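What follows is a set of notes on a single structure, which appears directly below.
All of the numbers you see were taken from the coordinates with simple rules; none came from a lab. Being a predicted model, the structure only gives us computed values, none of them experimental. Here the Cβ is made from the backbone with ideal geometry for all residues, glycine too, and neighbour counts use every protein chain on show.
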C-alpha cells in the first residue's frame with residue numbers, strides 16, 4: 001500500500017484527531033490550532049458533500065464558512081472531481097515555460113463571462129498573488145505609483161497586497177511595507193476624491209467587504225468611482241475574490257451596479273475548491289505593458305492544465321445550474337429569516353445585511369460573535385466571525401444549499417441566539 005492508501009484507509013477517528021492535533025502543535029502552527037479551537041472550528045474534516053462537511057467522527061455540519069467563498073459549487077462536487085480525475089489520467093500540471101491549451105481556453109471563457117471589455121488574464125495560485133498582479137499592471141500601465149484602498153479592506157498578505165489590506169494588525173509586524181498606499185473610508189466618494197494626486201495609479205475596492213464585516217458598496221458609490229477614475233485617468237480595480245462566480249446573486253458583484261473595472265481579481269471559487277487558481281482579468285488597453293515585458297509577471301504554478309480544466313468545469317456547472325439565480329433565491333430566504341431573528345432578539349442583533357449568499361449578522365458587542373460560532377456548532381452549523389470585526393458573523397454557505405438546509409441553518413441561529421440571550425439574562429442578574 002502507498003502512503004495515500006494508508007492515510008485514506010485509517011478509520012480510527014480518535015487516533016486521527018490525536019495525531020493531527022499533535023502534528024499541528026509540533027510541526028505546523030500551535031497558535032493556529034489554538035485559534036481554531038477558540039473559534040469552534042477545530043473539526044477535522046472528513047467527508048465533504050454538497051452544502052455539508054463531516055467531522056472525521058461522522059458528525060454532520062452545514063458549512064457556512066466555505067473558506068470565505070471557495071466552495072460555491074458545493075463541497076466535493078462530483079462532476080468536477082470526475083472531470084479532474086480524467087484529466088489526471090492524461091496530464092500533469094504542464095510546464096510553465098510552454099504554451100498550455102487549457103490556459104487559453106479558460107482565458108477566452110473568462111473574457112466571455114466577465115463584464116464589459118475585460119479580456120486578458122494572468123494566472124496565479126492565490127488571491128493575494130492576483131492582487132499583486134493587478135497592482136503591478138496598474139503601476140506599469142499608468143507609470144504612476146500610488147494606490148487608493150479602503151479602510152477595513154482585506155486583499156491578502158503577500159508583498160504588494162499586504163499594504164493594500166486596510167487593517168494594521170496584518171501589517172505592523174512586517175514594516176517597512178511597500179510605499180504608495182492610502183486608505184480611505186469605504187463607501188465615501190469624497191474621501192476618494194480628496195485623496196487623488198498626480199501620482200495615483202488606481203483605486204482598489206471590494207464590491208462587498210468580506211473581512212470588513214459583509215459591507216456592500218452602494219451601487220451609486222461604484223458608479224461614481226468609475227466616473228472619477230475616468231476623469232482622472234486612474235484605473236479601477238475590483239477585488240472579487242470572495243464575491244465572484246455567483247456568490248452575490250450575479251455571476252460577478254460588479255453586475256449589480258453595471259460598473260466594469262479596468263482590472264478584476266478572481267480566486268477562491270474559480271476552480272470549485274479542487275485546485276489552486278487565481279487570476280487578474282484586464283482590458284486590452286492595459287495589456288500594452290506585456291508587449292514589451294511578456295515575462296516580467298510570471299507564476300510557476302498559475303494557470304496549469306489541471307487548474308484550468310477544473311475552472312472550466314466549475315464555470316460550466318455554475319452556468320448549467322444557474323447558481324447565481326439560486327444564490328439570489330436562497331439568499332432572499334435566508335434574509336427573510338434573519339430579519340425575523342433581528343426582530344426577535346433586538347438586544348443582541350444590530351443588523352443583518354449582504355447580497356445573495358454573502359450575508360452577515362452584526363451583534364451588539366464583540367464577544368457574541370465567537371459565542372455564536374460555538375453555539376452554532378452545537379446545533380449543526382459551522383460559521384465564523386469576520387477577522388476584522390468579531391461582532392459580525394458571516395453566513396456564506398455553498399450556492400447549492402437547498403431550502404430545507406437554509407431553514408435548518410435559520411433554526412440553528414434561533415436556538416443559538418436563544419441560549420446566548422439566556423446567558424445575557426443570567427449575567428445581568430448576577431451584576
Exercise. What per residue convex hull volume, in Å³, comes out for segment 373-428 when only alpha-carbon positions are used?
Worked result: 80 Å³
Problem set entry | Kirkwood-type radius of segment 79-320, with distances r between different C-alpha atoms, in Å | 18.1 Å
Problem set entry | Over segment 248-386: Rg over Rh, Cα atoms, Kirkwood Rh | 1.08
Problem set entry | Most mobile listed residue (41, 137, 266) in the chain, GNM with C-alpha springs under 10 Å | 41
Exercise. Spin-label point model (7 Å from Cα, Cβ direction): what's the residue 14 to residue 293 distance in nm?
Worked result: 5.9 nm
Exercise. Using the reciprocal of the averaged 1/r over all distinct C-alpha pairs, how large is the Kirkwood radius of segment 324-431 in Å?
Worked result: 13.9 Å
Exercise. Taking the chain as a Gaussian network, Cα atoms linked when under 10 Å apart, which of 261, 370, 346 shows the biggest mean-square fluctuation?
Worked result: 346
Exercise. When ranked by the protection proxy of mean other Cβ atoms within 10 Å per residue, highest first, what sequence do the peptides 327-336, 285-294 form?
Worked result: 327-336, 285-294
Seminar exercise, completed: Contour minus Cα-Cα span, residue 34 to residue 57, at 0.36 nm per residue, comes to 6.3 nm
For this session: Can you tell me the relative contact order of segment 79-320? Whole percent, Cα pairs under 8 Å, sequence separation 6 or more.
Result: 29 percent
For this session: Take each of the peptides 83-89, 232-238, 359-365, 58-64, average the number of other beta-carbon atoms within 10 Å over its residues, and list them starting from the highest.
Result: 232-238, 359-365, 58-64, 83-89
For this session: Assuming a ≥ b ≥ c are the square roots of the Cα gyration tensor eigenvalues, decide whether the chain counts as rounded (a/c under 1.5), prolate (otherwise, with a/b larger than b/c) or oblate.
Result: oblate
Exercise. Please state the relative contact order of the chain as a whole percent: Cα pairs under 8 Å, 6+ residues apart?
Worked result: 21 percent
Seminar exercise, completed: In Å, the Kirkwood estimate of hydrodynamic radius for segment 69-189 over Cα pairs equals 17.5 Å
Exercise. For residue 4 and residue 427 in the same chain, what is the full-extension length gain: residue separation times 0.36 nm, less their Cα-Cα distance, in nm?
Worked result: 147.2 nm
Seminar exercise, completed: Subtracting the Cα-Cα distance of residue 82 and residue 113 from 0.36 nm times their residue separation yields 8.8 nm
Problem set entry | Rg(Cα) / (2.2 N^0.38 Å) computed for segment 83-145, rounded to two decimals | 1.39
Seminar exercise, completed: Given a Förster distance of 25 Å, the FRET efficiency implied by the Cβ-Cβ spacing of residue 347 and residue 168, rounded to the nearest 0.05, works out to 0.20
